Structure formats: structure tokens, C-alpha cells
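One structure below.
The values are calculated or read from the model by the stated rules, or taken from the named source; none is laboratory data. Values in this document were obtained by computation on a predicted structure and should not be read as measured data. Counting neighbours? That spans all protein chains shown, and the Cβs are built from the backbone with ideal geometry, glycine included.
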Amino acid sequence: MIENKQAQNTENLETLILDISNEAISIEQKQKKKIISINSIFNSINDWIIDLSTVPLQEKLLFFQLLGAMVNAGLPILECLTLLHDQTKHAKMKIVIKEIKTLIESGESLAQAMRANDDVFDDATCSVIEAGEKSGKLNEILKELVDQYEQLNSLSKKMKAAMTYPVVVITVMILLTIVILVFVVPKLEELFGGAANLPLPTRILIGTSDFVLNQSFLFLSFIIASVASFLTWKKSKVGKKQWGRFLLVIPLVGDILQKMILTRISRIFGFLMTSGVPIVESLKIASHIAENDLYQEKLLLAADDLTKGISIAENLSDDEDLFPKMLVNMMAIGEKTASLDTVMSKAADFYKDELERKIEALSKIMEPIILAFIAFGAVFMILAIYLPILKMNDQILT
């Protein structure tokens, strides 16, 4: 009897230990699942952030530099991409290279694989790569692309250097103005006893402060609606052309933008013809390089008319706002002497030098403009604050 009870107790104890062990394992499995779930959420967020991120121009330049060097050394494209994937540290670019490699392995060309990542490689770049693959001169095309990206990178740095100072100054002034309108002006309004019989600058300042404090939601709604309407209009077919035309007529900036476009068009157009790409195909590819709907439409029309016997210079001569008379005359001479490729290369050098001078001039002109802007803002604030104080002193003295 005692032995049976002992055996039963032992069995119960073993069952209890087993239940506790199973419960502990269950808790551990739940914790692991929870950790896996949290990790998957973080990974999904990380992937989403990477997908939304952009690839800097410097990364694309490095990509084409290394790819061009490897292709020139005789390595197959797939091997080049494998090495680039292993060496690249930029998260988005690493994913893009892997996708390109996968698409090429499935039978796509390099240009087609790059077009699948149109948020990284623009249509112009893909068209140039496609021309290199068709002509069998991919290594030469890659060298030219590297030169193009190096020039873009250099111009981008110069533009950023020219615009950094005014952007910082204007941003600081806007923040200071908001602080004054929100915290300082309401105190002044209490001190002056309302906005009645105050000087005009003070009334403007108080009115602006009241609007910011009381109508901020309406103001933000108006800003958001305006930005959304602008982006929608800009993406439309008519909006793209109108916006492209507007950018070209902005003082200083429009001239820089035009010379940047003409430099790229001339360089790529001349290089493609030198590489043996047919002139019509070269013109179509150059149209994508412009990245401006006005230039693209005009160049595509010129390519179409060229097949009908109408010369390029004749086709472009009717719009001097887009194509300066000097460039059109140079193209006419190049067409007559069968040296259009050489002429376009010289035109590209000329516009590149002009572009650098314009950017340098812009950086010099921006300084006095910003100083004048600061002076105007400071004088307005001083008048708005001190005029009522002086008026109160006059009333006390009288």
C-alpha cells in the first residue's frame, strides 16, 4: 500500500515537473515568436525607409566609375555587378545592383534592367547605355557617362556652395520672424493698448501676428492645398511644358539652367555620333538628356523631320529662346561640312565654360541681394517697434 502511494506520488511529481517544463517551453516559444515578430516589423520599416530613400549623385558616379573600369578590363557584366554589390555600402544602391543582376540573369539587357529602377537611373542614362550595348562600345559609353556625372557632380557642388549662404540666412530670418510674431508682438500689443492709432509698420506687424496665432490652421491648410495643386499641375502634360518654360525665364537661374541643358545635349549628341550611333538615334537619345519637356519635344521633332530631309539647324532655328542663334549656326556649319560631331563637342566645351562663369557670378550677386533683404527686414522691425514708443514719448512730453 505504502509502495503504491510512493509510486503514485512519484508519478504525480514527474507529471508536475513535465507540465512545468512544457509550460516553460511554451513561454519560451511565445517569447521567441514575439521577438521574431518585433524583428520582422523593424525589418519591414527598415526596408520601407530604404525603398523611399534616394541614391546620391556621388554614389551613381562611383557606380559608373567602377563598372566602366571593370568592363574596360574585360570582366563580364554579371561578375562586375557581383563585385559592385559586395563593395557598395549604400543600402539602396546595394539593393538596386542586386535587382539589376537578377534581371540580367533572366535575359534582360543592362539598359532594360536599369530602366526597372527608374527612380535611380533616368531615361537619358538608360538610353545612352542602350546605345552603347547596340554599338558594341559599352566601355566607351561608360567613360562618357562617368565624365557626364563628374561634371554634374562638380556643378551640383558649385550650385550648393552658391546657394548655401542665402538659404541658411533666409531660413534663420524666417524662424526669427516667427518667434517675434508669436512671442514678442503680443506683448507689444498689450503695451501699446491695441492696434488703434499706431504707425503703419506696427499695425502690419500686429496684424500678421494675429493672423499667425489665430488663423494658423487656415494658413497651413492653404499652403498644403497650394503645394498639392502645384504638384498636380506640374505633373500634367501642359504643366510640364509651362513649368519648363517658366524655369528658363527666371533671371540668372534660367540662364544657368539653359546652359546646363545645352552642355549635356551637345556633349552626348556629339559623342554618340563619334561612337557610330546613327544621327537620328543620337538626336532622340540627346532629347532625353535635356530632362526638359520643351527641349525634348523640339529635339524629337527635329529627329523626325531629319528623316524627311529637313536639317537639324533649320528645324531648331525658329526658337531662339531654347536654342541660341550661335549654336544653330554652328550646327548648320557642322551639317554642311559633315563634322557635326566635332562641332557639337566644341559647343559643349563653350557652354561648360559659360556655365561655370554664370555660377560664379551668381554666388557673387547673391551676397548683396541677401544683405539688402536682411537690411529691409531689420529696418521694418525697428520701425514697427520703436515708432509707437517714440509716439508715446511725444504724448507724455506734451
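Things worth noting here:
- Subset of region 250-269 (residues that are in contact (Cβ under 8 Å) with a residue 60 or more places away in the chain and more than 27 Å from Glu144 (Cα to Cα)): Leu252
- Of the numbered criteria (1) surrounded by 15 or more Cβ atoms within 10 Å (Cβ to Cβ); (2) modelled with pLDDT of 85 or more; (3) under 19 Å from Ala161 (Cα atoms), the one Leu362 fails is (2).
- Residue within region 68-83 that is in contact (Cβ under 8 Å) with a residue 40 or more places away in the chain, of a type outside the set (A, V, I, L, M, F, W, C) and assigned to a helix (DSSP H, G or I) present: yes
- Selected residue (only one of Ile312, Ile389, Ile374, Ile385 is closer than 24 Å to Arg245 by Cβ and among the β-branched types (Val, Ile, Thr)): Ile312
- Scanning region 112-139 for residues that are touching a Gly at 6+ places or on another chain (Cβ under 8 Å) and surrounded by 18 or more Cβ atoms within 10 Å (Cβ to Cβ) returns Lys137, Leu138.
- Residue in region 84-107 that is nearest to the chain's Cα centre (by Cα), counting only those that are assigned to a helix (DSSP H, G or I) and without any contact (Cβ under 8 Å) to a residue 12 or more places away in the chain: Lys94
- Residues within region 136-176 that are within 21 Å of Leu66 (Cα to Cα), aliphatic (A, V, I, L, M) and within 22 Å of the chain's Cα centre (by Cα), tallied: 3
- Flag if Lys157 is surrounded by fewer than 17 Cβ atoms within 10 Å (Cβ to Cβ), of a type in the set (Lys, Arg) and farther than 30 Å from Phe373 by Cβ: no
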